[in-house]
Structures are given as structure tokens and as C-alpha cells.
Amino acid sequence: MPGKPDSFCQHSAATIAFVQSGTNLNNSRISGFYRRSIDERRALLSAWLDESGLAALTGENALSLETADRMIENVVGMFALPMGIALNFMVNGRDVLVPMVVEEPSIVAGASFMAKLVRSGGGFQAESTAPEMIGQIQVLDLPVEQLEPASSMVEAQKTELLGKLDGLHKTIQSLGGGARDLETRIIKESPIGPFIVVHLVYDVRDAMGANAVNTACELLAPEIEALTGGRAHLRILSNLTDRRKSSARCRVPGSALAYGDFSGEQVAQGIIEAWAFAAADPYR
């Protein structure tokens, strides 16, 4: 749908971008954007956003106190920050506008300038893996000689265990997500001795996924206890997201780095020298 906002990376919840509607009028290189009034800036965004998106910018769809009170505890008010638009971004060949909610001056301008340099080299190339998160179920109170057999039992019943999660999160499943795999690991050394960890691999789509994964682990824990004879202790989202990664790369032509009396080569060398400082000194 023309003008409809979309994210520039299918599985990224961390960055939101307004993607061009498909017309040649939408170009993230908007000259003099910062010189315009707020109303003029919003008018320019009308080519990118539908009515609900524009309404959100004016605060018409702002979070209400009633809704906020249902989200967290002890609500007493609301807190606001300015939203700016970073320009010049091109991601996978598509122009995007990137909203940024920050309180420090120069960040939006700096990001826009950086994107302008990258744009001269073809823009960003971004990709992501499947949005699979890991839930961990810690299985304790098993004799050492039972760790391997118990682990094998879980692996052997993988299909049945995953089937018990079918329909648990209907919205995620309707979007193509859901339980993907079960893996077992034996922790051979720890302050409390060896134990088993069962990993539930769960595709959470665009959700962060903590509640969905934790709920699935809670449901599976009694089943795993019955299979292994152990005691399921922690049933929780892993802190390591090694199965859910996004990456981006870019190239900046040396000539684009020229600034004032400094050649592009001189600026590039200065950047390398600054990087070397950070690479060698933890205080940097």
C-alpha cells in the first residue's frame, strides 16, 4: 500500500524505518530538512506515511495514562522525548527514513551525515537470520550416570514435546513462527555439580520473545521432569542470542571523506588511527 510504514529489516525490532511507497518522489535525501518548520517537515512525510502514521507524529495516538497503568507498576505520569528523522539512509537499495528518539543534540544530524557518506558508496547492505530465541530449562538432581541417558530421552521425544507447544501462541504461529527445535546440553562442571540444560529454539517473529519463550518453557518443564526423573529449576529465556542476528555492511568511497583542507585519504587515515587507539586501549 503506498505510503504504508514498514521496517527496513524484516526481523529487526530494534530499528524502525519508514520505507518508501514505491514512487520516485520518496527519496531520503531531503535537502534543507532541518531548516524547515515542524509543520513543513510533517508535510514532507505525508508521502511516506498513511493517516495513522501522521497522527502518531502529532500525538493524537499518544499512549494514555490508562494504558500505561496496565503496562508497568506504580504509574504516576508520562515521560516524553523528541522524535527526529535521520535522513539519507539507503538500505538494500531502498530509501528509508529512520525515526530516532533521543535527547542529545547532534545525534540525528550525525547519523544523517554518516548515512550520506555511506549512500555515496551504494548504501547499507543488511541481512538477518531467522528470529529464533532460546529458552533454557535447567534439569537438576540427576546422578552423573543418568545425565547421558536422560539427555537422550529428551532428544528421542523431541517431536512429541514440540507438538505440545502447538497453538500456545496463536498470533506468532499464524505469522509463521513457533517452536522449531529442542537441544540438550550437559554442563559437566559447575559450583553445584553437573546437570542438564534443555534448549527450546523458538521462532518469535518480530517480537522480542521473552514472555512467549518463558511461557513455552514453563509448559514443557513438567514433561521433561517426567521424562528424565530430574527437577526442572530455571525455565527462562537465554541471555545469548546467537541464533538471532542482524548484520549490516557498507562501503564509503575515500573521496567522500574529504573535508575542508583535508583530503579523503587523510581523513581515512585519521579514522584508522582513532580506531587503533580504541582497539589497543580499554579506556578508549
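The values are calculated or read from the model by the stated rules, or taken from the named source; none is laboratory data. All figures in this text were calculated on a predicted structure; none of them were measured in a lab. Here the Cβ is made from the backbone with ideal geometry for all residues, glycine too, and neighbour counts use every protein chain on show. The accessibility values were calculated without ligands, DNA or RNA, using every heavy atom of the protein model including side chains. Shrake-Rupley method; radii C 1.70, N 1.55, O 1.52, S 1.80 Å.
Between amide H atoms placed 1.01 Å from N, distances below 5 Å from Lys245 occur with Thr129, all of them 5 or more places distant or on a separate chain. Rolling a 1.4 Å probe over the protein chains gives Met208 an accessible area of about 120 Å². When the chain is treated as a Gaussian network with alpha carbon springs shorter than 10 Å, the biggest mean-square fluctuation among Val98, Val76, Val144 belongs to Val76. Projected over every direction and averaged, the convex hull enclosing the alpha-carbon atoms of the chain yields 21.3 nm². Proximity of backbone amide H atoms, modeled 1.01 Å from N, is registered between Arg29 and Asn88 at under 5 Å, excluding neighbours fewer than 5 places apart on the same chain.
For Lys245, a cut-off of 14 angstrom between C-alpha atoms picks up these aspartates and glutamates, skipping any fewer than 8 places away in its own chain: Glu127, Glu132, Asp203, Asp206.
Which FRET efficiency value, to the nearest 0.05, do you get for Val75 and Ser190 by plugging their Cβ-Cβ distance into 1/(1 + (r/R0)^6) with R0 = 51 Å?
Efficiency at R0 = 51 Å is approximately 0.80.
When a 1.4 Å probe is rolled over the protein heavy atoms, the share of accessible surface on the chain that falls to carbon and sulfur comes to 55 percent.
Phi-derived couplings, Karplus 6.51 cos²θ - 1.76 cosθ + 1.60 at θ = phi - 60°, listed residue by residue for region 254-263: x, 5, 6, 8, 4, 8, x, 8, 9, 6 Hz, with x used for Gly and Pro.
A 1.4 Å probe run over the protein chains yields, for region 100-250, 54 Å² of accessible area per residue, whole-number rounding. In the complete set of protein chains, residue-level accessible area for Thr215 is approximately 60 Å², probe 1.4 angstrom. Taking the chain as a Gaussian network, where each spring joins two C-alpha atoms under 10 Å apart, which residue of Glu60, Glu73, Glu127 fluctuates the most? Evaluated over the chain, the most mobile residue of the options is Glu73. Within the same chain, lysines fewer than 8 places from Lys188 are excluded, and of the rest, those with a Cα less than 24 Å from its Cα are Lys158. For the residues Asp50, Asp95, Asp39, Asp261, a 1.4 Å probe over the protein chains yields an accessible-area ranking, largest first, of Asp261, Asp39, Asp50, Asp95. Solvent-accessible surface of protein heavy atoms, probed at 1.4 angstrom with all chains present, puts Glu155, Glu51, Glu145 in the order Glu51, Glu145, Glu155, largest first. Using a 7 Å offset from Cα along Cα-Cβ at Ala210, what residues in region 68-101 end up with backbone N under 19 Å from the label point? Counting only backbone N, you get 68-75. In terms of its Cα atoms, region 90-205 spans 61, 38, 29 Å along the principal axes, sorted from long to short. Ordering Glu273, Glu223, Glu189 by accessible surface, largest first, gives Glu189, Glu273, Glu223; the 1.4 Å probe counts only protein heavy atoms, with every chain in place. Accessible surface calculations at 1.4 Å, restricted to protein heavy atoms, place region 38-92 at 69 Å² per residue.
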